[in-house]
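Novice: Sharing a structure with you now.
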Amino acid sequence: MPRTRPTRAVASAAVSVVVALVAVSLGGCASQMPGTDAADPSVIAERASAVGIAPELVFTTQVDGYDLAPQSVGTGAADGMSATWVDETTGAMLTIRTDRGELTADSCAETPLWEAPDEPVTCTDEEGVWHRSGGSLHEYIAVRDGALIRVTGMNDAPPEELLAAAKAVHVPSDAELELLFSDLPEAPGEPVERGDLPENGDGAPIDPVGPGG
């Protein structure tokens with residue numbers, strides 16, 4: 001009488017097949033995810049300089065439930081940038097604004113809150129970023145290589161989500177850079193050359209005389 005394979009061996013083989021299929025499935029999903037490596041500095045400089053933003057002040061973030069509003073991306077303080085993410089379910093919004101500088105415990109407390117410049121500021125180091133509060137307002141500032149990235153909220157954005165955004169601040173990948181600047185021009189427009197201007201002087205365009213004089 002032929003010997004049968006033990007039930008335990010069959011179950012083990014089935015589990016192995018399932019694990020292998022799951023691994024293949026996850027691997028296929030991962031290959032479709034955008035790259036997480038930072039975009040090339042020259043590419044960032046090309047896109048940012050075209051709209052007056054310093055390349056070293058280009059940052060992005062990512063928070064579950066929030067999507068970037070590309071139309072919100074633009075210049076901020078001096079040559080910094082500003083961008084807003086929206087939670088379509090709750091209507092909450094969070095904004096990052098970038099600028100140059102460093103923060104100490106003293107300068108952190110002395111820097112006014114974005115939404116309440118006259119409110120006394122309490123400043124604490126929270127999980128690697130500065131948590132700033134005054135009254136009922138909260139904001140966070142992340143420091144990256146001489147850049148300050150301020151995170152503020154609107155429409156009752158929870159402080160823990162602002163903190164998550166500040167902790168997740170990073171230089172954008174190629175895909176993130178493309179999304180950041182998708183609503184902005186890629187390069188300054190070229191001047192239009194007029195063919196009817198005189199070579200010398202600044203006279204008006206020359207209109208040829210028609211057949212009737």
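The values are calculated or read from the model by the stated rules, or taken from the named source; none is laboratory data. From a predicted model like this one, the values you see are computed outputs, not experimental measurements. Glycine gets a Cβ as well: all are built from the backbone with ideal geometry, and neighbour counts include every protein chain shown. The protein model used for the area step is the full one, side chains on, heavy atoms only, and it has no ligands, DNA or RNA in it. Shrake-Rupley method; radii C 1.70, N 1.55, O 1.52, S 1.80 Å.
Novice: Taking the conditions exactly as written (in a strand (DSSP E or B), without any contact (Cβ under 8 Å) to a residue 60 or more places away in the chain and among the polar types (S, T, N, Q)), does THR89 satisfy them or not?
Specialist: On the way: in a strand (DSSP E or B): no; without any contact (Cβ under 8 Å) to a residue 60 or more places away in the chain: yes; among the polar types (S, T, N, Q): yes.
It is false that THR89 is in a strand (DSSP E or B), without any contact (Cβ under 8 Å) to a residue 60 or more places away in the chain and among the polar types (S, T, N, Q).
Novice: Being more than 20 Å from PRO55 (Cα to Cα) and modelled with pLDDT of 95 or more, is that true of even one residue in segment 187-209?
Specialist: So the first thing to find is which residues in segment 187-209 are more than 20 Å from PRO55 (Cα to Cα), and the list is 190-209.
When the remaining residues are screened for being modelled with pLDDT of 95 or more, the result is none.
Checked segment 187-209: no residue is more than 20 Å from PRO55 (Cα to Cα) and modelled with pLDDT of 95 or more.
Novice: Just to be sure, is THR75 more than 20 Å from PRO172 (Cβ to Cβ) and either open to solvent by 40 Å² or more (accessible area, probe 1.4 Å) or more than 20 Å from the chain's Cα centre (by Cα) (or both)?
Specialist: Against the criterion (more than 20 Å from PRO172 (Cβ to Cβ) and either open to solvent by 40 Å² or more (accessible area, probe 1.4 Å) or more than 20 Å from the chain's Cα centre (by Cα) (or both)), THR75 does not qualify.
Novice: In this structure, is ALA175 surrounded by fewer than 20 Cβ atoms within 10 Å (Cβ to Cβ) and either under 16 Å from VAL73 (Cα atoms) or modelled with pLDDT under 95 (or both)?
Specialist: So ALA175 passes the test.
Novice: Just wondering, is there one or more residues in segment 82-96 that are open to solvent by 70 Å² or more (accessible area, probe 1.4 Å), within 22 Å of GLU176 (Cα to Cα) and at pLDDT 95 or above?
Specialist: Within segment 82-96, one or more residues are open to solvent by 70 Å² or more (accessible area, probe 1.4 Å), within 22 Å of GLU176 (Cα to Cα) and at pLDDT 95 or above.
Novice: Same structure, new question: Looking at segment 103-154, what strands (runs of 3 or more DSSP E) fall wholly within it and have at least 3 residues that are under 27 Å from PRO55 (Cα atoms)? Even if it seems obvious, please write down each step before you answer.
Specialist: On the way: elements: 122-126, 129-134, 137-144, 147-154.
Because the criterion is at least 3 residues that are under 27 Å from PRO55 (Cα atoms), the strands (runs of 3 or more DSSP E) in segment 103-154 that meet it are 129-134, 137-144, 147-154.
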